[in-house]
Amino acid sequence: MADNTGVECPEETQAEDPRLQHHGTRVRELNNPFITMTDWKFLQVFRLTKTVVITILEELPTTLLYNTDIPLYLQLLSTLTFYATGKSDCAAVMLGVSRRCAKVYISRMSNALNAHLWSCIAFPDSQQRAVFQRDFQNIAQLTNVVGCVDSMFIPIKVGLGTEAGISDVDYGCQYILMVVVCGPQFQIISVMVHFCCHEYDWQIFRGSALCNTIEVGELGDAVFLVDEYYPIVPNLLRPIDEPQDESEVLFNLSHYVTRQVTSGMFHALTRRFPCLKIQMEPIPPTNLKAVVACIILHNLSLRYSSPLPSSEAALDEHLYYNDIRQQVYHSATKEE
C-alpha cells in the first residue's frame, strides 16, 4: 500500500519500525508533516522531497533512538530545518526542547548522516572517469577533465566581540573553508572542510588524500581544473596567466566556460541549504559535520532528481514558526 509520499509503506511495517513511531503515533497518521503538508510545502520547509527523506530514514540506524523518546523522523526533519535556516529555533520547537538541547540532536543527526551515507560522496572509478571526461569535453572541448576544483567560505556566528554605549551589540563571525571537486552534473565527488585560518585553497588541497593520489600517479591522465592561484603541477590545469596568441585566449575561454559548472553547483547547494551562505549558529562540538551532511544530501537529491525549493521560502519566518509549530510540534508530542 502506497501512502501520499509516493513510497510503499505497508501498515504492518510502519507499526513495527521504531524510526516512525512516537508515543504510539505512526508516520501514516493524520497529524504528521508527511500527511498534513503538501509536497510543495514539505519541500520548502525541509528542502527535500518526501521520497528522499523516507529513503534517508531507511539508511539511519535505530540506535539514534537510545535514551530519547523523540522519533527518528522528527530528529531528521528538525535537523533539516537547521540546514534550511542556520538557526536552531525551529528545531527546538519541533522537538519540544531547549535550543541548546536541539543543537545536540542536530549534531547527532549530522554525525549519523556522515557515518551512514558517506558513500553519497564517491570519487569516480576508471569507467566513471571516462564518462566524466566525455561530459566535460562536451562543454567546451577540454579533454581528460574529470573534475573542477573550487571553494567557498561558510560563515559561522560566534561571539568574538561586544560593544556598549550607543547600542549594546554582540558580533563576530568565523569562517569554514570548503574546497570541493565538482563533476559535470553538479555532483560533488570530493570535499575538504577546514576552519579557515588564513589558508588558501591550495594549502587545503595540498594536504588532502586526493592530492596524494594524484602525486603517486594513480589517476593517470585525469585532469582537474583549478584557478590561477594554484601552482603549475601535473594533473592540475590552470588558466594561462598572460595569453600571447589566439589559441591561448581560446584555451582560457574554454577553461572558464568549463569551470562554470562549479557556479551552478554552488547555486544549487546554497539554494537547497541556505545555512551555508548565512551566518550559521554554532553547534557542539563543531559545524564541520553539518557542512559535510549538506554535501551528502545535495548529492542524494541529485540522485533522486529532487527539485530545488523556492529560494526565498527557507527564510520565511511565517512559514516556519506558524506551520512547524502548529502542524508538527503539537501533533508529534500529543499522547494518545
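The values are calculated or read from the model by the stated rules, or taken from the named source; none is laboratory data. Note that the structure is predicted; figures quoted are calculated from it, not measured. Ideal geometry is used to build each Cβ from the backbone, glycine not excepted, and the neighbour counts take in all protein chains shown.
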Exercise for the section: Only helices (runs of 4 or more DSSP H) wholly contained in segment 188-294 count here; list those with 2 or more residues that are surrounded by 13 or more Cβ atoms within 10 Å (Cβ to Cβ) and modelled with pLDDT of 95 or more. Expected result: 246-259, 261-272
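Taking the condition modelled with pLDDT under 95 and assigned by TED's automatic domain parsing to the domain that holds Cys196, does Gly147 pass? Don't jump to the end; show me each part of the working.
Details: modelled with pLDDT under 95: no; assigned by TED's automatic domain parsing to the domain that holds Cys196: yes.
Against the criterion (modelled with pLDDT under 95 and assigned by TED's automatic domain parsing to the domain that holds Cys196), Gly147 does not qualify.
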Problem - Members of segment 90-109 that are out of contact with any Leu (no Cβ under 8 Å at 6 or more places or on another chain), of a type outside the set (A, V, I, L, M) and crowded, with 22+ Cβ neighbours inside 10 Å - result: Cys90
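Among the listed residues Asn32, Asn111, identify the single one that is at negative phi, among the polar types (S, T, N, Q) and under 16 Å from the mean Cα position of the chain (by Cα).
On the way: Asn32 fails: under 16 Å from the mean Cα position of the chain (by Cα).
Criteria check complete, one pass: Asn111.
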Practice task
Determine if segment 38-52 includes at least one residue that is among the hydroxyl-bearing types (Ser, Thr, Tyr), closer than 20 Å to Val104 by Cβ and assigned by TED's automatic domain parsing to the domain that holds Ile106.
Solution key: no
